[in-house]
Amino acid sequence: QVQLVESGGGLVQTGGSLRLSCAASTRTFNTYSMGWFRQAPGKEREFVAGNNWRGDRIYYAASVKGRFTISRDNAKNTVYLQMNSLQPEETAVYYCAAASGLYYRQLRQDEYQYWGQGTQVTVSS
């Protein structure tokens, strides 16, 4: 029922920045935890960042902590991922996901009920 549409991917040089956006088609966006994941060719999908329904619980993969920032604007039904100092190994399809519920913890991948189609991020050297 919830449609998620990612945008903002593209080609960036090593050390560059991108901001991804994920727009959700729900009238109750402020009841969803949101997450960002990525999947590189030949690798499994991995967690990148997540936040809870009001944005006061934030979680990051160790590999991106200090460089990436997840945020949300509930008035716009949108979650963002600001990515700085990008490295070539972070080339991947980036997905956003939504989980219904007022959680105060990081969620497992299988707890996210809705997924976007992904947006390609390519980091060139």
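The set of residues from segment 19-44 being of a type in the set (D, E, K, R), at pLDDT 95 or above and loosely packed, with under 15 Cβ neighbours inside 10 Å comprises Arg19, Lys43, Glu44. Among residues of segment 26-46 that are free of Cβ contacts under 8 Å to residues at least 40 places away in the same chain, those with a Cβ under 7 angstrom from a residue that is surrounded by 12 or more Cβ atoms within 10 Å (Cβ to Cβ), sequence gap 6+ or separate chain, pair up as Glu46/Phe37; Glu46/Arg38; Glu46/Ala61.
Here's the yes/no breakdown for (1) out of contact with any Leu (no Cβ under 7 Å at 6 or more places or on another chain); (2) among the β-branched types (Val, Ile, Thr):
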position	(1), (2)
Tyr32	yes, no
Pro41	yes, no
Asp56	yes, no
Ile70	no, yes
Val79	yes, yes
Gln87	yes, no
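Exactly one condition in (1) among the charged types (D, E, K, R); (2) under 10 Å from the mean Cα position of the chain (by Cα); (3) farther than 16 Å from Gln117 by Cα is false for Lys76; which is it? Going through the list (1) among the charged types (D, E, K, R); (2) under 10 Å from the mean Cα position of the chain (by Cα); (3) farther than 16 Å from Gln117 by Cα, Lys76 breaks only (2). Filtered by the rule that a residue be in contact with a helix residue (DSSP H, G or I) (Cβ under 6 Å, 6 or more places away or on another chain) and assigned to a loop (DSSP other than H, G, I, E, B), segment 97-125 gives a lone residue, Ser125. Cβ-Cβ distances below 9 Å connect the following pairs, each with a first residue in segment 62-90 that is in contact (Cβ under 8 Å) with a residue 40 or more places away in the chain and more than 12 Å from Val48 (Cβ to Cβ), a second residue that is among the hydrophobic types (A, V, I, L, M, F, W, C) and surrounded by fewer than 16 Cβ atoms within 10 Å (Cβ to Cβ), and a separation of six or more residues or different chains: Glu89/Ala40. Note down all Cβ pairs under 6 Å where the first residue falls in segment 104-125 and is touching a residue at least 40 places away in the same chain (Cβ under 8 Å), the second is open to solvent by less than 100 Å² (accessible area, probe 1.4 Å) and of a type in the set (Phe, Trp, Tyr), and they're at least six residues apart or on different chains. Partner pairs satisfying both residue conditions: Gln106/Tyr59; Trp115/Tyr95; Gly116/Tyr95; Gly118/Tyr95; Thr119/Tyr94; Val121/Tyr94. Filtered by the rule that a residue be open to solvent by less than 50 Å² (accessible area, probe 1.4 Å) and among the charged types (D, E, K, R), segment 74-107 gives a lone residue, Glu90. Does any residue of segment 59-66 turn out to be assigned to a strand (DSSP E or B) and open to solvent by less than 20 Å² (accessible area, probe 1.4 Å)? No, segment 59-66 contains no residue that is assigned to a strand (DSSP E or B) and open to solvent by less than 20 Å² (accessible area, probe 1.4 Å). Could you tell me how many of the residues in segment 45-58 are open to solvent by less than 70 Å² (accessible area, probe 1.4 Å) and closer than 17 Å to Val121 by Cβ? Residues that pass the stated criteria total 3.
The values are calculated or read from the model by the stated rules, or taken from the named source; none is laboratory data. Since the structure is predicted, the reported quantities are computational estimates derived from the model, not experimental observations. In this analysis, Cβ positions are derived from the backbone assuming ideal geometry, glycine residues included, and neighbour counts consider all displayed protein chains. Just the protein is used for accessible areas: all its heavy atoms, side chains included, with ligands, DNA and RNA removed. Shrake-Rupley method; radii C 1.70, N 1.55, O 1.52, S 1.80 Å.
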